[in-house]
Amino acid sequence: MKFSLFVHMERVNAEEPQQRLYEEMIELCQIADNGGMHAIWTGEHHGMNFTIAPNPLLNLVDLAHRTKNVRLGTGTVIAPFWHPIRLAGETAMADIISGGRIDLGIARGAYGFEYERLSPGLDAWTAGQKMRELIPAIKGLWAGDYTHDGEHWKFPKTTSAPLPVQQPHPPLWVAARDPNSHEFAVANGCNVQVTPMHQGDAEVQSLMDKFNAACAKHADLPRPKIMVLRHTYVADSEADAMQGAEELSAFFNYFAAWFKNEKPISMGLLETISPEEIAANVTYSTEVMRKNHIVGEPAEVISRIKSYQAMGYDEFSLWIDSGMSFERKKASLTRFVTEVMPAFA
């Protein structure tokens with residue numbers, strides 16, 4: 001079992017300086033690197049202060065100079081917002097700058113808010129089809145002298161400039177949930193990223209079952225890796241764990257509001273959700289967050305992650321975006337690398 005950190009800048013309050021948020025994110029990444037984590041993942045989002053990440057490759061190139069050993073992954077770039085030639089070239093350049101440490105995770109995207117602004121009229125189905133066309137095109141561009149005549153992109157013979165350090169190319173990952181996504185990933189030699197979101201461990205097992213079914217369907221191909229991404233808080237007491245669960249309850253209320261694209265947005269910030277609204281939303285109650293997410297003292301966290309290891313997961317990624325203060329994130333991450341990870345050495 002390998003461990004990684006999944007992190008963005010997150011902002012729900014206009015009073016939080018964005019420069020300071022970036023510096024705090026860098027410090028969390030350095031704790032992960034110095035603590036022996038395998039990778040750092042950061043995603044792509046636009047116009048949303050909730051997760052500030054307009055270009056993950058830009059952040060990863062900076063992190064390449066601020067870390068020593070950790071791999072640097074996009075978790076994820078949004079396929080319909082990229083042209084294959086651009087993504088192949090920029091990823092290869094990041095691979096050169098980082099000394100061959102880049103992993104490229106790709107997804108179709110999830111927020112209607114972003115679709116409306118970057119690709120008006122785009123729906124989830126078309127975004128998924130673009131992802132399925134993009135990945136073979138990138139691999140072709142990295143192989144060289146590649147001509148593409150697809151539904152969404154057409155271009156004459158082209159070779160990625162530059163070419164990546166890693167050969168034949170940086171590891172590719174696909175964010176998958178439904179069986180078709182798992183099958184596409186396995187068939188195309190891509191590793192798989194999954195997240196149960198707010199759901200419990202039954203969903204974690206269900207996602208693994210879908211992956212295993214895809215691998216069985218393509219038994220003639222090498223088995224890819226699979227990573228589970230999960231909100232995690234390592235507490236120093238049960239009272240601390242309950243506070244963490246309460247903070248995750250608020251976080252997921254904002255997450256859902258962004259996803260539904262229903263609340264007013266001003267200056268990239270969502271209208272404040274009242275404590276009464278949060279308390280009334282039983283889907284993300286404190287009790288549900290405490291049960292479903294990995295929130296607890298080190299022994300409990302170790303036990304939960306070992307159950308994921310037994311399911312067959314290759315990597316566990318600690319999703320640290322949570323609405324908590326930087327000090328609480330830092331304390332949890334420090335406990336994770338010093339008290340949880342050694343149990344898997």
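Every number here is computed from the coordinates shown, using simple stated rules; none is lab data. Quick caveat, the model's predicted, so the values are computed rather than measured. Here Cβ is always computed from backbone atoms with ideal geometry, including for glycine, and neighbour counts include all displayed protein chains.
Data overview
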read-out	value
Listed residue (215, 272, 251) projecting farthest to the positive dipole end of segment 188-283, Cβ model	215
Length gained when the stretch residue 205-residue 297 is fully extended (0.36 nm per residue, less Cα-Cα span)	30.8 nm
Share of Cα-Cα pairs in segment 190-321 lying beyond 26 Å, as whole percent	33 percent
Segment 110-249: relative contact order as a whole-number percent, Cα under 8 Å and 6+ apart	15 percent
Label-to-label distance, nm, for residues given as residue 345 and residue 19 (7 Å Cα→Cβ offset)	4.0 nm
Summed side-chain charge close to residue 173 - residues other than residue 173 whose Cβ falls under 14 Å, Lys, Arg +1, Asp, Glu -1	+2
Relative contact order for the chain, counting Cα pairs under 8 Å that sit 6 or more residues apart, in percent	19 percent
Segment 87-104 residues near the modelled residue 155 label - backbone nitrogen below 19 Å, point 7 Å along Cα→Cβ	87-96, 104
Computed lengthening from residue 12 to residue 143, 0.36 nm per intervening residue step minus Cα-Cα distance	42.9 nm
In Å, descending, principal axis extents of the Cα set of segment 260-330	44, 26, 25
Per-selection metrics, the chain (Cα): Rg and Dmax in Å	19.6, 61
Cβ crowding within 10 Å averaged over residues, with 238-249, 19-30 ranked highest first	238-249, 19-30
Extension reserve of the residue 55-residue 225 stretch, reckoned as 0.36 nm per residue once the Cα distance is removed	58.7 nm
Ascending count of other beta-carbon atoms within 10 Å, so fewest first, for 1, 9, 341	1, 341, 9
Three-way shape call for segment 194-267 based on the alpha-carbon gyration tensor, with the a/c threshold at 1.5	oblate
Residues 86, 290, sorted so that the one with the fewest Cβ neighbours within 10 Å comes first	86, 290
Helix 326-335 vs. the chain, principal-axis angle (Cα, 0 to 90°, nearest 10)	80 degrees
Cβ-based exposure ranking for 61, 70, in which fewest neighbours within 10 Å come first	61, 70
Relative contact order %, segment 238-345, counting alpha carbon pairs below 8 Å whose residues are six or more apart	34 percent
Estimated FRET transfer efficiency (residue 277, residue 66; beta-carbon r; R0 35 Å; 0.05)	0.35
When segment 1-148 is reduced to its Cα atoms, the Kirkwood hydrodynamic radius in Å	16.2 Å
